[in-house]
Amino acid sequence: MMNLDSILSETLDAGTKGYPLSSPALKISDIGAQRWSLLAGDLPLPLAVIRDSAIAHNHAWMRDFTASTGVLLAPHGKTTMAPQIFAQQLAAGAWGITVANVQQLGICVRFGVRRVIMANQLLGSAEVGVVIRLVSAHSDLEFHFLIDSLAQLAAIENIAESQKLSRKLTALVELGVPGGRTGARTYDEALSVARAIAASKVVSLSGLECYEGLQVTGDSGRDEIVVTDLMRRVHDVALACDREGLFAEPAIILTAGGSAAFDIVARDLPMKLSKPVLTILRSGCYVTHDSGFYNRMLEGVKARSGAAWQARPGLQAALEVWSRVQSCPEPGLAILTMGKRDASFDLDMPIPGKRYRPGADTSPQSAPASWKIANMNDQHAYLRFSADADAVPQVGDLVGCGISHPCTTFDKWRALFTVDDDYRVTGAIRTFF
């Protein structure tokens, strides 16, 4: 059971980006009662917001998807690094939370998450020491990390010699791909690492892990081939480990599944072994989705998942960054009050989706499809448009942008406000990057 009391009692003030400039400091738990309105100008722009209705829809969508495919979900916490959202994900049925490093593990444990996968290698005396202390201090903590080499295992064992170990650490052998990131490249390398873990006095083997996301391109036919091949490699190693009795835990974990081709993983990774198998997806971006890269990838997921999933609404973009037109210095160009410090730009530029003219509009209008963010500086965005179009931006207009890749928008905000469909603030989500 997560305990968010310390977050809800934390105060925000005008020193927090996006907080009303003239409002007194407030506890996070009191923010929703203020009923601030983005459209009425109660909050300074730029402002990142999460739409309540969209994130609730996404929780339900992924809950239904995992239930229908029989897999589990440990969403990647690095997407949001927001314990309040972790709590929502667990309440919606998630098995646990995935992290990228020991600092993120510490945040999870601090707020009560008790099943954690670190989808990364554990290395370093400080990091190994913290893991040993956390595992010793929390008997109910189930924590799995990745090992992909004998050298890494030996380093962990050497560090553990000087530590008081209350129980063995649990690790997943990672399988990688040639030219990719981490992970054992061959069947023989992976099996060698698995055998060494099984013989270790410090670490036990709890399963296998891989990450298919860096191979996914959006070409559905190609993606299916490469992801299926990786799942087959996992199966081969899992069967060998099972035959030799290398898996030490009551259940065997097989985990993969980023946010781009999780349907193929859910279809092809499950398998039967001599012990119960937990097939765990680690998709993280689904929770707020986006308006760019992952929205495009979702079309492939739906197309491959059958008529029922094609017919139902997909994931919705819950995360938006709003800014104001501050200048129209030349025909076809408007400068917005947001930049690289406020919104993702690593995969695609922000996508103008909504516009609102104070004093004229009663609700946000759809932005013309021709509106494009062509470039961004630290604090400015260059909105290009047809100067002779019917709808052109004016100084003072509000522009709501969808983003591509939510991870690199969340990490730009200490707090993000949640809003209802009228863009009235309902609360605040605190991040821990």
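Here are some notes:
- Förster radius 60 Å - calculated FRET efficiency between Glu299 and Glu157, Cβ distance, rounded to 0.05: 0.80
- Each eigenvalue of the Cα gyration tensor of the chain, multiplied by 5 and square-rooted, gives one semi-axis; in descending order these are 42, 25, 18 Å.
- Cα centroid separation, the range 230-248 to the range 130-172: 22 Å.
- At R0 = 30 Å, FRET efficiency that the Cβ-Cβ distance of Ala25 and Asp422 yields, to 0.05: 0.75
- Helical mean residue ellipticity (222 nm; -39500 (n - 2.57) per DSSP H run of 4+; nearest 500) of the chain: -9000 deg cm²/dmol
- Whole-Hz ³J(HN,Hα) from phi, Karplus 6.51 cos²θ - 1.76 cosθ + 1.60, for the range 212-225, glycine and proline x: 8, x, 6, 8, 7, 10, x, 7, 4, x, 5, 4, 4, 5
- Highest-first packing order for the peptide set 269-278, 62-71, 91-100 is 91-100, 62-71, 269-278, based on the mean count of other beta carbon atoms within 10 Å.
- Rel. contact order, % - alpha carbon contacts under 8 angstrom, at least six apart, the chain: 20 percent
- Taken along the Cα-to-beta-carbon direction at a fixed 7 Å, the label points for Ala60 and Asp5 span 3.2 nm.
- Share of pairwise Cα-Cα distances greater than 23 Å in the range 214-358 is 52 percent (whole percent).
- Whether the range 53-311 is rounded, prolate or oblate, judged on the alpha carbon gyration tensor where a/c under 1.5 counts as rounded: oblate
- Net length gained if the chain between Ala308 and Ser37 were fully extended (0.36 nm per residue, minus Cα distance): 93.8 nm
- At full extension, Leu333 and Glu244 could sit 25.5 nm farther apart than now, given 0.36 nm per residue minus the alpha carbon distance.
- Segment Ser53-Ala91, length gained on full extension (0.36 nm per residue, minus Cα span): 12.1 nm
- Which of Cys285, Cys210, Cys328 has the fewest Cβ neighbours within 10 Å, and the rest in rising order: Cys328, Cys285, Cys210
- Eligible lysines near Lys27 by straight Cα distance, threshold 16 Å, same-chain separation 8 or greater: Lys17
- Efficiency of FRET between Lys17 and Phe433 - r from beta-carbon atoms, R0 22 angstrom, step 0.05: 0.95
- Protection proxy ranking for 142-151, 40-49, using the average of other Cβ atoms within 10 Å per residue and placing the highest first: 142-151, 40-49.
- When each of Lys272/Lys302; Lys78/Lys164; Lys302/Lys354; Lys164/Lys272 is checked by Cα-Cα distance, pairs over 28 Å: Lys78/Lys164; Lys164/Lys272
- Inter-site label distance for Arg341 and Asp388 at 7 Å from Cα along Cβ, in nm: 3.9 nm
- Test item: Cα-centred dipole of the range 53-311, Lys/Arg +1 and Asp/Glu -1 on Cβ, debye: 540 debye
- Options Ala100, Leu269, Ser149, ranked by Cα towards positive dipole end of the range 53-311, top entry (Cβ charges): Ala100
- Contact order normalised by residue count of the range 1-56, Cα under 8 Å, 6+ apart, percent: 30 percent
- Rounded to the nearest 20, the Cβ-based charge dipole of the chain about its Cα centre (Lys and Arg +1, Asp and Glu -1) stands at 580 debye.
- Euclidean distance of C-alpha centroids, the range 295-330 and the range 34-108, integer Å: 16 Å
The numbers here are math on the coordinates, done by the rules we state, and not lab data. The shown structure was predicted, so the numbers you read here are calculated from the model rather than taken from an experiment. Glycine gets a Cβ as well: all are built from the backbone with ideal geometry, and neighbour counts include every protein chain shown.
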